[in-house]
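The values are calculated or read from the model by the stated rules, or taken from the named source; none is laboratory data. None of these values were measured; they are calculated from a predicted model. All Cβ positions, even for glycine, are placed from backbone atoms using ideal geometry, and neighbour counts span all protein chains on display. These area figures cover heavy atoms from the full protein model, side chains too; ligands, DNA and RNA do not enter into them. Shrake-Rupley method; radii C 1.70, N 1.55, O 1.52, S 1.80 Å.
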Protein chains: 4
Amino acid sequence: MKKVKIGIVGLGRLGRQHAENLAFRIRNCELHAICSVVKEEVDELQREWGIPHGYTNYNDMLENKELDAIFIASPSGFHCEQIEKALEKGFHVFTEKPLGLHLNEVVRVKEAVEKHPDQVFMVGFMRRYDKSYQYAKQKMEQGVIGEPVLIRCYGFDPAKAIDGFMNFAKNNYSGGLFLDMSIHDLDLARWYLQSEADSVWAIGGAYAYPEIAELNDAETGAALVKFKNNTMGIFVAGRNCAHGYHIETEIVGTKGTLRIGTVPEKNMVTVFGDQGAVKECSEGFIERFEQAYLSEVEEFIQCILENRQPHVTVDDGVQSTILGYACKESFETGQLIKVQSHPANEAVYK
Amino acid sequence: MKKVKIGIVGLGRLGRQHAENLAFRIRNCELHAICSVVKEEVDELQREWGIPHGYTNYNDMLENKELDAIFIASPSGFHCEQIEKALEKGFHVFTEKPLGLHLNEVVRVKEAVEKHPDQVFMVGFMRRYDKSYQYAKQKMEQGVIGEPVLIRCYGFDPAKAIDGFMNFAKNNYSGGLFLDMSIHDLDLARWYLQSEADSVWAIGGAYAYPEIAELNDAETGAALVKFKNNTMGIFVAGRNCAHGYHIETEIVGTKGTLRIGTVPEKNMVTVFGDQGAVKECSEGFIERFEQAYLSEVEEFIQCILENRQPHVTVDDGVQSTILGYACKESFETGQLIKVQSHPANEAVYK
Amino acid sequence: MKKVKIGIVGLGRLGRQHAENLAFRIRNCELHAICSVVKEEVDELQREWGIPHGYTNYNDMLENKELDAIFIASPSGFHCEQIEKALEKGFHVFTEKPLGLHLNEVVRVKEAVEKHPDQVFMVGFMRRYDKSYQYAKQKMEQGVIGEPVLIRCYGFDPAKAIDGFMNFAKNNYSGGLFLDMSIHDLDLARWYLQSEADSVWAIGGAYAYPEIAELNDAETGAALVKFKNNTMGIFVAGRNCAHGYHIETEIVGTKGTLRIGTVPEKNMVTVFGDQGAVKECSEGFIERFEQAYLSEVEEFIQCILENRQPHVTVDDGVQSTILGYACKESFETGQLIKVQSHPANEAVYK
Amino acid sequence: MKKVKIGIVGLGRLGRQHAENLAFRIRNCELHAICSVVKEEVDELQREWGIPHGYTNYNDMLENKELDAIFIASPSGFHCEQIEKALEKGFHVFTEKPLGLHLNEVVRVKEAVEKHPDQVFMVGFMRRYDKSYQYAKQKMEQGVIGEPVLIRCYGFDPAKAIDGFMNFAKNNYSGGLFLDMSIHDLDLARWYLQSEADSVWAIGGAYAYPEIAELNDAETGAALVKFKNNTMGIFVAGRNCAHGYHIETEIVGTKGTLRIGTVPEKNMVTVFGDQGAVKECSEGFIERFEQAYLSEVEEFIQCILENRQPHVTVDDGVQSTILGYACKESFETGQLIKVQSHPANEAVYK
């Protein structure tokens, strides 16, 4: 069985996790090249893991003809350009979310992907590959909850991580709370509700960290979305969750309701002590979605080997970004925003 | 110790439960008179419980000089008039929610209450007297969750009860989903957030029961509310909950989060069987709030005996109604509604 | 409707709670007399609650011909004698558990009860009247779990209460861990399994409080019981539970399993904070069994009014005591004990 | 980095899972040879996975000098002989549990292992490598629950699997309920309590499947164990669990309690429907312990590469087997069994 040779760009926290998975835990896959602007990272992993090729320049890696696919785990601002280049060079491409930080570049990526229909393209909406989220989808397809009526999505980052975010956000454009944090939830909502957004009202504030308001961003926010099929979406995001990384999703249907992650349990242990019965919670996305990060890449490799596209498409990335922008615009203006009238969206649907 | 003599009007499901509590389970209280347009109900309870006085006409009961207080559990459309009459006759008054179904009559009640400051007046927002809701309030006052940021309230009636509702709603004005169902949640939100609403967007539909749309009402709906102190409120209400009576409240704060009733458990039993581990759920409000219905009346009696007013005031009834109307208006028009610009509200705040 | 006139003896913590229920929360019941060796308690409650008769001598109360029933909430060592006297005087009798602390006196009480078949006699196994325990029984009767195979019962007192116990136990005979703590569980097991015990092995120790070993008692212990119908019972009891009052029962059947009180939740609130998701726990028996303490007495009053006996009989008290003694004997000797060979039991079954 | 070359024997359900892990998901490891008496299995996996060597005879595989280690996943009756042979040939050895089915052969294996101290030997007590069980151990080491007092272990196989077991057990010696099912729990108890068993009483029956009694075995059983350090162990095992594969462990300590797997949740989804709130449960050991099966083998490979022994030793296998035999003897004789007086044990401790 041929092994798919991968070159990865970006060796930060999530990038390194992906690299380790690609190197050791994915069947029919070989991590053949690694690329980072931090030379020490490249040298260290090449040495420790025995990776044949190391680069500090992305363009150089794209010249490596042995590679089959490029895996993009670099900072969000680089995604679009790196996707386009890799597609032009004929590689299959996996990119971490978000597709991009600006609507126009996201639309450009969509065009690039459509120009290369024989190359596998996948965006890292890993939650769709999480066992619990997949199980919920399966239950819906079995009709267990009837027709969906409302989805509620919580996406909270742990309070422990807020200093790191503040340092990043002072010098970088994160996209803002709804694009940076809710993007996974917006994609999930579209997947479960099978509809696009019609209109949105988003509010929020900088409750414990007023300095976030100075960045014109929200620390915690909520958006109510009306979808075109008249279903409802509630999206709450925050960067200041005391108990950890809280990702929770609920789908209310005409005959039942599904909840995923009501309590974001770290593991199966309950600790009984002076305080009562305590369930400790997930500390971050790598802990919570360890299995999903593996499964999405297994699917990517399988798509390449079987010459097919994954069910997550570039459109999922585009539409989620459009909705994220509508949330952002609503939060910034205080207005109720009609999603379909958005100029970029027109471009997409033209 | 003197016993407070009560006359109750309305002996429907909840009225009868209140009557039984007043007759047998409340200290320093005597159910001295009962009133219902259904003569058989009056006769039966007088005979079975040994109640001295029975009436089929409310005005007649108000002439009974032995009574100290009037307890109103009649259909919502009668509340305002009955409150005003009882106050005029010098009685202490307890009224079931809602205060009224129309803004102008609610404002009129407020004026009537204010004209009789020495008579105890209480509106039946029993959740404030539920042990779990009280515990949450106490935790907030202890600073356990820091400052409140967001409240999420779910109020779902069981699907089993929808036929009864349809029969009622075809011939009566219920006030609509948000006034009829969310009114308790709107009151709770004001209580926990310590602020009034600024603006609201409400959406919804008639997903499993299209005939509800013909009544110009929603079967299931969601409202996002921005409060004047920039906190957020999410209110979801529905009449079609497969698993029972689901009342759930969550308060997200800057340092922690409280949830009340995550799973609306019927009792402490878990049933493990072919399907998995099953927690059966509450079937209705009398089952869920049995203790609260007792405790609120204990407080009412204590207020009379101690010559003080309860912490739930007529303003709580008025403000919740104003917000409920704003939700209703937003749902009906599709617009974002500014709550403070509402004419009735101006009246209240003048 | 005639009111049953009650005289209560014992106004300690649980006695006072019973007295308050009898005085104010039980239909068709009147607390007519109170008795305690502590004169101040008697005077205070007579004054505050308007109780007509007060006694410091139990025999004096028994001379009050207006009384219908005697309610015994005195220290365990007095139960047997007080039951016998009250029965002889023609009163209906409710006694708190345990029936007695010694096998011979318990057998004597059984004989006394049987000599007065027209007087209602009830022992305070209140758990049988708890809504959750009743629901479990009902599920079993519906066949939901098939035939019972095993019962597991946990009975843990809160660590906070251990100092109080130590003070008591140094000067009083408590009966030991299994008789004092497990007696409710032993009764529940017989009720759910519908069988008497065949043999038992009990172990334990004084893990955090070695001074309990000096009393020849266990701080925490476990008993495995084989029942005559070959079902199994596991009983764990302790006096040092960090998280509170933990009463948990599980019945494993051939087709399913029931659990009551998996987490001994104080209320419906979950507190999310630095530690994770916390369910606070019950602090003691009055908090946990508030409803059951009311319901058992409602049943006692109903039995008197309807001239019938409750389903909890004196035999339930006797058999549970016999099994408790077998546990105690096994713990003290280290031997496997055959329950049916116990001399007192022979007496009972003769 | 050198890759450890593994030859596996046994390609049944768990064997095949191990083989797949060894082939694709374990770092620094290569599945170099597979062995099964079923030639088709060997051929199929060699072809599909590209495994260099295939055998139908275990002795032939042991002649392959390229191999570093032998992985034993064959039926339990073969374990001891295959371990001894592999050790003699100089291989590192990983064996699935149980070490063996008879005390004398288990003692012989212990001697064989001790004769080859430079070869890594590991027995597949995978639960010690499960994240939740490891977390509990870590909490104990941090002193969170004080000193351990009691352990309760549940091990229930799903009712769905009972037909398969019956077919197997009619023609094979399974070791009986306690040796076959509880062996993991007995090992866990020793690990958490840090003590060996002193005495045991075990009971049980064939409640839904009387034919199991004909095999002189129990369908469901319970054992109470007194450990040498006076801590207590409760072990319940069964083959007829309606809701699935229920592995639950609780450790009660002097300052707190830990529970692992209170509800054996399949995933993070709760399904709300007519029945209530349903948590579906694990269907079997491969689903529940997927991560642990990977982690134990990662540790085995690391031990080989780092030239050290795992913390699970051959003694853990021997002692757990001795205790399992004592449970079996107690169940079969009805007697309380002193574990340390067992002849085989003397041999071990000599």
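Of the helices (runs of 4 or more DSSP H) lying entirely inside the stretch D:6-75, the ones with 2 or more residues being among the charged types (D, E, K, R) are found at D:13-24, D:39-49.
Among the residues of the stretch A:144-155, is any more than 30 Å from B:Ile151 (Cβ to Cβ) and either without any contact (Cβ under 8 Å) to a residue 60 or more places away in the chain or within 14 Å of chain D (Cβ to nearest Cβ) (or both)? Full working, then the answer.
Of the stretch A:144-155, the ones more than 30 Å from B:Ile151 (Cβ to Cβ) are none.
No, there is no match, as no residue in the stretch A:144-155 is more than 30 Å from B:Ile151 (Cβ to Cβ) and either without any contact (Cβ under 8 Å) to a residue 60 or more places away in the chain or within 14 Å of chain D (Cβ to nearest Cβ) (or both).
Of the residues in the stretch B:35-58, at least one is closer than 28 Å to B:His102 by Cβ and of a type in the set (Phe, Trp, Tyr). Residue count for the stretch A:104-127 satisfying the condition of being in contact with a Phe, Trp or Tyr (Cβ under 6 Å, 6 or more places away or on another chain) and either of a type in the set (Lys, Arg) or over 30 Å from D:Ser282 (Cα atoms) (or both): 3. Taken residue by residue, the stretch A:6-22 has at least one member that is of a type in the set (S, T, N, Q), more than 12 Å from chain D (Cβ to nearest Cβ) and open to solvent by less than 50 Å² (accessible area, probe 1.4 Å). Taken as a whole, the condition of being more than 12 Å from chain D (Cβ to nearest Cβ), open to solvent by 30 Å² or more (accessible area, probe 1.4 Å) and out of contact with any Leu (no Cβ under 6 Å at 6 or more places or on another chain) applies to C:Asp180. Which of the residues belonging to the stretch D:82-111 are in a helix (DSSP H, G or I), touching a residue at least 12 places away in the same chain (Cβ under 8 Å) and open to solvent by 10 Å² or more (accessible area, probe 1.4 Å)? Of everything in the stretch D:82-111, those that are in a helix (DSSP H, G or I), touching a residue at least 12 places away in the same chain (Cβ under 8 Å) and open to solvent by 10 Å² or more (accessible area, probe 1.4 Å) turn out to be D:Gln82, D:Glu84, D:Lys85, D:Glu88, D:Leu103, D:Asn104, D:Glu105, D:Val107, D:Arg108, D:Lys110.
Okay, residues lined up against (1) open to solvent by 20 Å² or more (accessible area, probe 1.4 Å); (2) assigned by TED's automatic domain parsing to the domain that holds B:Val236; (3) closer than 30 Å to A:Glu248 by Cα; (4) out of contact with any His (no Cβ under 9 Å at 6 or more places or on another chain):
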position	(1), (2), (3), (4)
B:Gln275	yes, yes, yes, no
B:Cys281	no, yes, yes, no
B:Phe300	no, no, no, no
B:Asn307	yes, no, no, yes
B:Gly324	no, yes, yes, yes
B:Lys328	yes, yes, yes, yes
B:Gly334	yes, yes, yes, yes
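The C-beta contact set for the stretch D:164-176 (first residue farther than 21 Å from D:Ala326 by Cα, second residue among the aromatic types (Phe, Trp, Tyr), distance under 9 angstrom, 6+ apart or interchain) comprises D:Met166/D:Tyr209.
Just one residue in the set C:Arg239, C:Arg259 is within 21 Å of C:Gly176 (Cα to Cα) and at pLDDT 95 or above; that residue is C:Arg239.
Scanning the stretch A:124-134 for residues that are over 15 Å from A:Asp185 (Cβ atoms) and in contact with an Asp or Glu (Cβ under 8 Å, 6 or more places away or on another chain) returns a single hit, A:Tyr129.
For the stretch C:256-274, which residues satisfy the criterion of being of a type in the set (A, V, I, L, M, F, W, C), under 22 Å from the mean Cα position of the chain (by Cα) and part of a loop (DSSP other than H, G, I, E, B)?
Taking the stretch C:256-274 and keeping what is of a type in the set (A, V, I, L, M, F, W, C), we get C:258, C:260, C:263, C:268-269, C:271-272.
Next, only the ones that are under 22 Å from the mean Cα position of the chain (by Cα) stay: C:258, C:260, C:263.
Within the stretch C:256-274, just C:Val263 meets the criteria.
Taking the criterion of being closer than 16 Å to C:Gln335 by Cα and surrounded by fewer than 24 Cβ atoms within 10 Å (Cβ to Cβ), the residues of the stretch C:185-204 that qualify are C:Asp198, C:Ser199. Inspection of the stretch C:26-40 identifies at least one residue that is out of contact with any helix residue (DSSP H, G or I) (no Cβ under 6 Å at 6 or more places or on another chain) and under 30 Å from B:Asn21 (Cβ atoms).
Would you check which residues across the stretch D:253-287 are more than 7 Å from every other protein chain (Cβ to nearest Cβ) and among the aliphatic types (A, V, I, L, M) and list them? Outline the logic, then answer.
Initial filter on the stretch D:253-287 (more than 7 Å from every other protein chain (Cβ to nearest Cβ)): D:253, D:264-266, D:282-287.
Scanning the stretch D:253-287 gives a single hit, D:Ile286.
If you go through the stretch D:120-143 and keep only what is over 19 Å from the mean Cα position of the chain (by Cα) and either hydrophobic (A, V, I, L, M, F, W, C) or surrounded by 21 or more Cβ atoms within 10 Å (Cβ to Cβ) (or both), you end up with just D:Met140.
Filtered by the rule that a residue be touching a helix residue (DSSP H, G or I) at 6+ places or on another chain (Cβ under 7 Å) and in a helix (DSSP H, G or I), the stretch C:279-299 gives C:Ile286, C:Gln291, C:Ala292, C:Tyr293, C:Leu294, C:Ser295, C:Glu296, C:Val297, C:Glu299.
The single condition from (1) out of contact with any Cys (no Cβ under 8 Å at 6 or more places or on another chain); (2) among the charged types (D, E, K, R); (3) open to solvent by 40 Å² or more (accessible area, probe 1.4 Å) that C:Glu265 fails is (1). The set of residues from the stretch C:242-252 being touching a helix residue (DSSP H, G or I) at 6+ places or on another chain (Cβ under 7 Å) and within 8 Å of another protein chain (Cβ to nearest Cβ) comprises just one member, C:Ala242.
Give the residue that is most open to solvent (accessible area, probe 1.4 Å), with candidates limited to residues of the stretch B:64-81 that are over 21 Å from B:Gly176 (Cα atoms) and either outside the structural domain of B:Glu20 (by TED's automatic domain parsing) or in contact with a Lys or Arg (Cβ under 9 Å, 6 or more places away or on another chain) (or both). My answer is B:Glu66. Taking the condition open to solvent by less than 60 Å² (accessible area, probe 1.4 Å), under 16 Å from D:Ala19 (Cα atoms) and free of Cβ contacts under 8 Å to residues at least 12 places away in the same chain, does D:Gly54 pass? Against the criterion (open to solvent by less than 60 Å² (accessible area, probe 1.4 Å), under 16 Å from D:Ala19 (Cα atoms) and free of Cβ contacts under 8 Å to residues at least 12 places away in the same chain), D:Gly54 does not qualify. For the stretch D:221-242, filtering for residues that are open to solvent by 10 Å² or more (accessible area, probe 1.4 Å) and out of contact with any Asp or Glu (no Cβ under 7 Å at 6 or more places or on another chain) leaves 2.
Does D:Glu298 count as more than 7 Å from every other protein chain (Cβ to nearest Cβ), out of contact with any Gly (no Cβ under 7 Å at 6 or more places or on another chain) and either at pLDDT below 95 or within 22 Å of C:Cys281 (Cβ to Cβ) (or both)? Judged against the criteria, D:Glu298 is not a match. Of all the residues in the stretch D:156-173, those that are open to solvent by less than 30 Å² (accessible area, probe 1.4 Å) and over 19 Å from C:Gly146 (Cα atoms) number 3. Does any residue of the stretch B:202-218 turn out to be modelled with pLDDT of 95 or more and of a type in the set (S, T, N, Q)? Scanning the stretch B:202-218 turns up no residue that is modelled with pLDDT of 95 or more and of a type in the set (S, T, N, Q).
Going residue by residue through the stretch A:205-216, is there one that turns out to be within 9 Å of chain B (Cβ to nearest Cβ), open to solvent by less than 10 Å² (accessible area, probe 1.4 Å) and touching a strand residue (DSSP E or B) at 6+ places or on another chain (Cβ under 9 Å)? Yes, the stretch A:205-216 contains at least one residue that is within 9 Å of chain B (Cβ to nearest Cβ), open to solvent by less than 10 Å² (accessible area, probe 1.4 Å) and touching a strand residue (DSSP E or B) at 6+ places or on another chain (Cβ under 9 Å).
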